[in-house]
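Please read the structure below before turning to the comments.
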Amino acid sequence: MKKINIYKIISVLAFAVLLFILTLPQTFNVNRKQKTEECIKNMKDIYGAIENYMAEREEDFTGTTRDLLRMNYLKKTYECPENGVGDKYYMHGDFETGEIIVTCPNQEKFKDHVLPESAKD
């Protein structure tokens, strides 16, 4: 007959608490709102950089955040924080119409990753 000592009980309890802590953010979407806000902020920064590019150069913008970084319109490149590395934003600017499009690559999966109209003014 095996004896259950206090160390085994503490180990099992610590493991259960650790699992609870690790699953808590996914269960209650604690980080979800923060990631959405960060994604929208990224898109606003990109929008502003494209706006400055078109105003200064008087031409359409077709490129990436890396291009804007090289030309000193951005201080860093941006990726959607939801899925991580490789999630590049889609962007285009039409100088003639003044239309600028910045879209999250994860917009189909995360419907709230949309640049609000108020950010475009």
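The values are calculated or read from the model by the stated rules, or taken from the named source; none is laboratory data. Model, not experiment: these values are computed from the prediction. As a convention, Cβ positions derive from the backbone with ideal geometry for all residues, glycine included, and neighbour counts pool all protein chains shown.
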* Could you tell me whether residue 47 is under 22 Å from the mean Cα position of the chain (by Cα) and either over 17 Å from residue 82 (Cα atoms) or at pLDDT below 90 (or both)? => yes
* Test for residue 59: is it surrounded by 11 or more Cβ atoms within 10 Å (Cβ to Cβ), more than 17 Å from the chain's Cα centre (by Cα) and touching a residue at least 24 places away in the same chain (Cβ under 8 Å) -> yes
* Asked: What residue, of 56, 51, 38, is acidic (Asp, Glu) and over 18 Å from residue 116 (Cα atoms)?
  -> 56
* Asked: Would the stretch 33-44 turn up any residue that is farther than 30 Å from residue 76 by Cα and modelled with pLDDT of 90 or more?
  -> no
* If you go through the stretch 62-77, how many residues are closer than 17 Å to residue 87 by Cα, surrounded by fewer than 20 Cβ atoms within 10 Å (Cβ to Cβ) and of a type outside the set (A, V, I, L, M)? -> 6
* Asked: Any idea which residue in the stretch 59-107 is nearest to residue 42 (Cα to Cα), counting only those that are among the aliphatic types (A, V, I, L, M) and in a strand (DSSP E or B)?
  -> 102
